[in-house]
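I have placed the structure first, in the form of structure tokens, so that the comments after it can refer back to it.
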Amino acid sequence: MTSRPASDYAATGLRLASGALFLAHGLLKLTVFTIPGTVGFFESLGLPGFLAYLTIAAELAGGLALILGVATRAVALALIPVLLGATWVHAGNGWLFSSEGGGWEFPLFWAVVQGAIALLGAGAFALKVPALDRTLGQFA
């Protein structure tokens, strides 16, 4: 039996925690804010409404993929623009996320976490999908 390095377990912890948070944020937009409410919010920011659909899909699908450990590096990289967009949205509210309207500290930190996940990979206990691994090559 081969022992895994501690970094594999650290990567797993980051992947699972981040995936759970993405699922929570996607479900929040879907069930609490609702799709029309989320679209309206995006449009109130001057963004096209279709970006709300893409954001919800990215958070739900990306969160699930991270939890399962499927295409972890590619998924983590793909979620960084979502988080940088959230950083932009919250930038005017100040640094602390506890500020009214939420600040930009949390989404920026979360973007950095996605960068770390992309560098570390899936870690331990990841689901292997051979066809996807072949398609994505070094990103799987």
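What follows draws every value from the coordinates through simple rules; no lab data is involved. What you are looking at is a predicted structure, and each value in this text was computed from that prediction instead of being measured. Using ideal geometry, Cβ is built from the backbone for each residue, glycine included, and neighbour counts are taken over all protein chains shown.
For region 6-139, what are the per-bin percents of Cα-Cα distances with bins 5 Å wide, up to the bin holding the maximum?
So the P(r) values, bin by bin, are 2, 11, 18, 22, 20, 13, 8, 4, 1, 0.
Measure off 7 Å from each Cα along the Cα-to-Cβ vector at PHE33 and LEU21, then give the distance between these two points in nanometres to one decimal.
Placing both labels 7 Å beyond Cα along the Cβ direction yields 1.6 nm.
Each residue of region 5-16 in turn: what ³J(HN,Hα) in whole Hz from Karplus with 6.51, -1.76, 1.60 and θ = phi - 60°, glycine and Pro shown as x?
Those phi angles translate into x, 4, 5, 5, 6, 5, 4, 4, x, 4, 4, 5 Hz.
In sequence order, what are the phi-derived ³J(HN,Hα) couplings for region 25-40 according to the Karplus relation 6.51 cos²θ - 1.76 cosθ + 1.60 with θ = phi - 60°, rounded to whole Hz, with x for glycine and proline?
In residue order, the calculated couplings are 5, x, 5, 4, 5, 6, 9, 9, 6, 6, 4, x, x, 5, 4, x Hz.
Once you keep just the Cα pairs under 8 angstrom separated by 6 or more residues, what percentage relative contact order results for the chain? Before the final figure, lay out each step's value.
Details: 194 pairs, mean separation 41.6, N = 140.
Normalised by residue count, the contact order of the chain is 30 percent.
Can you sort THR12, THR34 from fewest to most other Cβ atoms within 10 Å of each residue's own Cβ?
Fewest-to-most ranking of THR12, THR34: THR34, THR12.
Write out the GluC sites (Glu not before Pro) in region 21-115 meeting two conditions: DSSP loop, and at most 16 other Cβ atoms within 10 Å of their Cβ. Working shown, then result.
Values: sites: GLU43, GLU59, GLU100, GLU105; in loops: GLU100.
The qualifying sites are GLU100.
So which chymotrypsin sites (Phe, Trp or Tyr not before Pro) in region 41-120 are both in a DSSP loop and have at most 14 other Cβ atoms within 10 Å of their Cβ? The partial results should precede the final answer.
On the way: sites: PHE41, PHE42, PHE50, TYR53, TRP88, TRP95, PHE97, TRP104, PHE109, TRP110; in loops: TRP95, PHE97, TRP104.
Here the sparse-neighbourhood loop sites are TRP95.
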